[in-house]
Every structure is written in structure tokens, then in C-alpha cells.
Amino acid sequence: MQQEPAFEYDTAFSRNLGWVTAEEQQQLRSKRVAIAGMGGVGGFHLLTLARLGVGAFTIADFDTFDLVNFNRQAGALMSNIGRPKAETMAQAALDINPGLKLSVFPEGMDPQDPAAFLEGADLYVDSLDFFAFEARRSVFAHCARHGIPAVTAAPLGMGAALLCFMPGGMTFEEYFRFEGHDEDEQALRFMLGLSPAGVHSRYLVDPSRVDLAGRRGPSTVMACQLCAGVAGSQALKILLGRGKIVAAPRGLVFDAYENRIRRTWRPGGNRNPVQRLSLAVGRRRLAALAQRPSPAPSPHTPVEQVLDTARWAPSGDNSQPWRFTVTGPDRCTIRGFDAREHDVYDMDGWPSQMSVGGLLETVRIAASGLGLRADIRRIDGSGRDLLFDVGLASSEETPDELYPYLRRRTVQRRPLSRRPLTLPEKSKLEEAVAPGFSVLWLEGKQRRRMAAVNSRTCKLRLTIPEAYETHRKAITWGTGSSEEGMPAGSLGLDPVTVRLTRTLMASWRRVDFANTYLGGTLIPRLELEVAPALACGAHFALLGHTAPRTVEDHLAAGAAMQRFWLTATSIGLQMQPNLAPLIFSSYAVNGRAFTTDRKGSEQAQEVSERLRALLPGRTLDRTVFLGRIGAGPPARARSMRLPMDRLLEP
């Protein structure tokens, strides 16, 4: 039987030598570190300091591991579900150094009397839950009274915020000023005190996940591991008595997402005038959050879950031309409609039909993500409405690879990278629409020709009253998101032009006057069409094998469009649809009246001629979708979607 290898301290930690001397390594071996909390950061603190060669620990935690811990905690493994955190992490540390001297508090530290927990500690490393304010105040106060250095490294976003409280220096209470305040105020003071710059808040994509009332917030494993490295480095300096310590009121914030490091200094802590101003702003934001409407209840039945995801399908001007009727836990009816009577962009309803086709494909993809198959059958509708019966059934097929991107897909109207698309990128996109459709790429000098087409189309759109009415209803001013229509921030205009456009669009008379006497279309054409058309990887035309004529053709085109768009998102490309030239060209080709403005009809004819010259042969007749694509960041402002209760019909 093979003998287990013997543990040798000097060999196990020999690779630390060079950064520490042999004598300092033995000094670390003689030290005891107390760590309260073995969850998010505590487990990483313990394992990091154990690998540093610290010889003794006192650890405490009353909780057990659960699935909700898996995104960030060192001991969160399937084999550890239900096991006590303190005992589990103690065993993990002993697997690193069997010679450790461990004192374990499986019932947690007594917040009223932390003396037993901190007995013999050379250093306290704070790892308590963010909201454990009373316990934190108690343990830091004990450390201050008994001359125990204390380190806190808080995981914020994808970074770490560090503060050290040294014997004889500023205390925890002197810095944070918790005394006399309720828990919400303490949470605000703790957050702003740790990270006065608030770097992490800039990339919080879903503020609704911050739930102060429920004492929950988002977290990342990167932040927890960064905390262990930052706190471990300070611990080394404190335990060995060398190096400069970042002691309160000075702090350190490192954010790996923002690629920034900030050294903070708040004399007086939260009593500092700058900090008091930040607290006042923070209180107003908390009050605004408290006024938010309660989130809609989470969907429960399979069909509700599918529809809740599928409603994020794209539609022209975010019109969302669909409504749902739930007829059972795994069955519903989808009604698609069009706006041809009052929307100049919805020629004969086919743009809306494409949107509905994109929705149906999204239903299929969303169902696959839940391990289901969506069986969709068109049934008779009344008038121009399209009705579909949707049934869900269990499926053993793997989820569609596009499922994770259903909510991430956005429209990017701002300039993109001019980097040409790579052959693998093109192949992936072409495969996404096969076998029923193909892609025609318009690159290089063709971008300039497409910019000219778009510029003329934009002039047409901005000078006919029929389009003005559509724009007036579709644009939402003064917001970065909108459940209906498009937020002004997503249009691609600079802030000055947005304000001017908002003023002009108060009435058609103003728009017409600006267009006639002030050259009103020039700046919008440059910002909305010319600059983006030139700044992209390519333009593209999505082609059917035959010219689309039936509702089924347009539904199929919408499905192909959605798969193309989602595939672009999945490989890190941004996209902007460009149906307007195709729509106005169709009006001209078919001799259809769409405006009372004679010049508008002439401009549509010019757009059609230029587009046909750009697309070879009879390609224009088979074109079902146009757009531009390229590398670049996703849009910051985007259209949202109507809540489910407004999309449901009896």
C-alpha cells in the first residue's frame, strides 16, 4: 500500500521565499489571523493566507453552503451543499497545511462579546456579510480597544475596496459614523465609505438586483478573489511589520472592469464635507429606488416563461405588433397585427409580418432554453390579423445556442469599427440564415454608395408629414429607455442635436420651416446616416431565393433576420437594421402613393434607382432585409418592452 507523502512546512511554502525571507516565513508561521465569515470573501481569505504560510486561524460562520453561493464562494461545490461553511473551509485549509492551529466557531462569532473569537489574534480580517452592521461595529470596536489591526476588503462589482484600521489610528466608527442611524443609512455609509468614487456603479446593468430591503445584492467571484489578494498583501505587511499600510482615512479601490485604481483620502471619514455631499446624493437615489413600482411577478408556467423572453424580439420602431392569449400552462395564442393604415413604414403590412416572424422564431429559441419544443400552427384570423396556436412539449434536444442572446440583442445606431468582417464571422452569419436565405455583403467603397442611399432616404423621411407623425409617436424624449417606441438617447444623435430636434418636433410647422429655410435635414442626415454608414465593417442584404410575395414568405424572412441578428450578437458584432430604403423603393417600384408631398415621391424613385444600381442584377427584388454591421460596444440606451400584463389579452 502506497504511503501518503509527509507534509513539510518549509518545502510547501518555499516558493514564497524571495518575496519574504526564510526568517519572515517562520514569523508568518507563528501568527494567528481571525476571520469572521467563511462565505463570499472569507473562504478566499482563509485559503490565501494559509498558502502564505500563516500558522494559526480563528474562523467563524453559522451558515451552510447552498446553490446561491456557487457564483462566488470558495467552498461552494456540489459535494458541500448543506455542509457547515466553517467546518468545510477549516478542512480545506488543513488540506493545504495539516499543521495549522485552528479554532473554529461553527455557531458564528458572538456579536455582543467578540472577545473569545479574537483571543490571541495578531490580525482581524473582516469577511462578514455586507449587511451585518452591528456585528461589524462590535468586532472592530474590540479590535480598536485591544490594539488588534483590522483589515476590510469589500467586493464591489468586479473590484475590491480596501481599508485598514491600525492600533492608535482612526477607528471604524470614527470613519464610518454608524452611531444613531438605521440600517439603510448604515448601508449607504458603508458603501460610500469603502468606495467614495463609486467606480463599480458605472457598470451596474440591472439596478433592480440591488435589494436593500431584502438585504441582497449582486456579486462576482472576481471581486472576491481580488479582495483576497489585496487584503492578503496588507496582512503580510502588518504581520511582518514592513511596508506602508493603507490605513484609514486613506483607502484603496481597484476595479478590474474599469481598469482603474483609486487612492482615496477622506479626513474625518463620513463627516468629511465631500463625503457628506455624496451621502446626500445617495439618499436621494435611495428614495428614488424606494418609489420604483414593484417588479412584475415572475412567470410561473412554461408558456408564461417562454412569452416573457420572446417579447424581446425586434420590431420596427419597437412597435411590438403582437398580443398573447394564454390558454393553458403549455399553450397560447399569438395575434399579430400591422399598422399599414397609419404608419408609412408599414407598407402593405409586410414589415410587421417580418417582425411577427422574428417573434415566432424567438418563441422557438426561448422554448429550447427551457428544454421544450414549440409547435406553432397558423390558424384563421379576422381581417388582417395573423393568429398562431402555440403548444409546448418536452424536448431532449440541447438548447439553441442563440438562447443566451435573446435579451442582449440591441440596435447600435452609432458609428462602429471599420474593421472588415473576418471570413469566420461571415461564414457564421451566412450559416445562420441558410438554407432558405443568403447574404450579400456590401463592403469597401460600397459603403460610400450605401451612405448616399441612406442620406437620400433620411432626407425623404424628414421632409414628408406622414413620416413625421410616425416619428412623433415613436420617439420618447428625456430617457435612456422606453417600453414603447425608441428613447431619444438610442437614436445616434449628439445631445445638442437631440435638444434641437425635440424643439422642432413639437409641430410639423416647425419641422417644415426648418427643412425649408434652415437646412434642417443636413445635420441629422450626417449623424443618423452618413457617419454610421461609413463607420462599420460592412453593409449587407438578406436575400430570399425568390422574391417575397406571401405572408409566409415575410414570416420566414423575419425568422432569418432574427437568427442573423442573434448570431451577430453571439460573436460580438453590433448591428443596425436599415429597412427604410427598401420600403420606399417598394413604394416607387409598385407606383404606390404614400405621401401628399410630390417631392417625396420623386425622392423615393431616386432611392429605388440608386439601390438597384448598388445591388447587382435582380437582387433587389429578392432583398428582404438591409442593415449595417461591425465590431463595437453595445448601445448604452435601448428600447425596452411592454410588460407581460399589457401584452396579454383575454
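So what's segment 295-449 giving for Rg/Rh, alpha carbon basis, Kirkwood Rh from the mean inverse pair distance?
Details: Rg = 17.8 Å, Rh = 17.7 Å.
Ratio of gyration radius to Kirkwood radius for segment 295-449: 1.01.
Taking the centroid of alpha carbons for each part, segment 185-263 and segment 433-448 are 47 Å apart. Take the Kirkwood radius over Cα pairs of the chain, plug it into Stokes-Einstein at 25 °C and 0.890 mPa s, and you get 85 µm²/s for translational diffusion.
Find out how many positive minus negative residues lie around LEU100, taking Lys and Arg as positive, Asp and Glu as negative, among other residues whose Cβ is under 12 Å from that of LEU100. List each step's numbers first, then the result.
Numbers: positive: ARG29, LYS31, ARG32, ARG51, LYS101; negative: ASP95.
After counting each charged neighbour, the total is +4.
As a ratio to 2.2 N^0.38 Å, the alpha-carbon radius of gyration computed for segment 369-429 takes the value 1.74.
Using the 2.2 N^0.38 Å rule of thumb for compact globular proteins, work out how segment 350-394 stacks up: its C-alpha Rg over that value, please. Before the final figure, lay out the partial values.
Numbers: Rg = 11.6 Å, N = 45, 2.2 N^0.38 = 9.3 Å.
For segment 350-394, the normalised Cα radius of gyration is 1.24.
Over 12 Å, how big is the tail of the calculated P(r) for segment 609-650, in percent of all Cα pairs? Beyond 12 Å sits 77 percent of the P(r) for segment 609-650. Let a ≥ b ≥ c be the square roots of the eigenvalues of the Cα gyration tensor of segment 56-151; is it rounded (a/c under 1.5), or, if not, prolate (a/b larger than b/c) or oblate? Since a/c reaches 1.5 but b/c is at least a/b, the shape of segment 56-151 is classed as oblate.
Measuring against 23 Å, Cα to Cα, the residue pairs LYS426/LYS459; LYS31/LYS237; LYS101/LYS237 contain LYS426/LYS459 as the ones spanning a longer distance. Compactness ratio for segment 411-647: Cα radius of gyration over 2.2 N^0.38 Å (N = residue count) comes to 1.01. Placing unit charges on the Cβ atoms only, positive for Lys and Arg and negative for Asp and Glu, gives segment 540-650 a dipole magnitude near 260 debye about its Cα centre. Extending 7 Å from Cα along the Cβ direction at ASP66 and again at VAL496 yields two label points whose distance is 5.5 nm. FRET efficiency for the pair ARG283 and TYR9, taken as 1/(1 + (r/R0)^6) with r the Cβ-Cβ distance and R0 = 30 Å, rounds to 0.05.
Run the numbers on segment 302-394 and let me know its relative contact order in percent, using alpha-carbon pairs under 8 Å that are six or more apart.
On the way: 157 pairs, mean separation 29.7, N = 93.
Taking the mean separation of contacting Cα pairs over the length of segment 302-394, I get 32 percent.
May I ask you to list the aspartates and glutamates whose Cα is less than 12 Å away from that of LYS473, ignoring any residue fewer than eight positions away on the same chain? By straight Cα distance, LYS473 reaches ASP317, ASP343, GLU484.
Based on DSSP, what percent of beta bridges with both residues in segment 411-647 are antiparallel, to the nearest 5?
Working: 17 of 22 bridges.
Bridges in segment 411-647 that DSSP calls antiparallel: roughly 75 percent.
Counted as membrane-span-like here are DSSP H helices of the chain whose alpha-carbon atoms extend 18 Å or more along the helix's own axis and whose Kyte-Doolittle mean is -0.5 or above; these are 133-146, 221-240, 273-290, 350-369, 551-570.
Considering every pair of different Cα atoms, what Kirkwood radius, in Å, is found for segment 21-290?
On the way: mean 1/r = 0.0534 Å⁻¹.
Kirkwood hydrodynamic radius for segment 21-290: 18.7 Å.
Using only side-chain charges placed at the Cβ, +1 for Lys and Arg and -1 for Asp and Glu, the dipole size of the chain relative to its Cα centre rounds to 2800 debye. Eigenvalues of the alpha-carbon gyration tensor of segment 302-394, scaled by 5 and square-rooted, set the equivalent ellipsoid semi-axes at 24, 14, 9 angstrom, largest first. Within the chain, DSSP assigns beta bridges of which about 70% are antiparallel (rounded to the nearest 5).
Using the Cβ of ARG83 as centre and a radius below 12 Å, the other residues enclosed give a net charge of -3, where K and R count +1 and D and E count -1.
Return the tail of the calculated pair distribution for segment 412-531, meaning the percent of Cα-Cα pairs more than 20 Å apart. Don't skip to the end; give the middle numbers.
Numbers: 3839 of 7140 pairs.
Roughly 54 percent, once rounded to a whole number.
Out of every Cα pair in segment 74-123, what percent are spaced more than 13 Å from each other? Percentage above 13 Å: 65. With the helix formula -39500 (n - 2.57) applied to DSSP H stretches of n ≥ 4, the chain reaches a computed 222 nm mean residue ellipticity of -12000 deg cm²/dmol.
Coordinate-derived values only; no laboratory data. The model shown is predicted, which means the values in this text are computed figures rather than measured ones. FYI the Cβ positions are ideal-geometry reconstructions off the backbone, even for glycines, and counts take in every protein chain you see.
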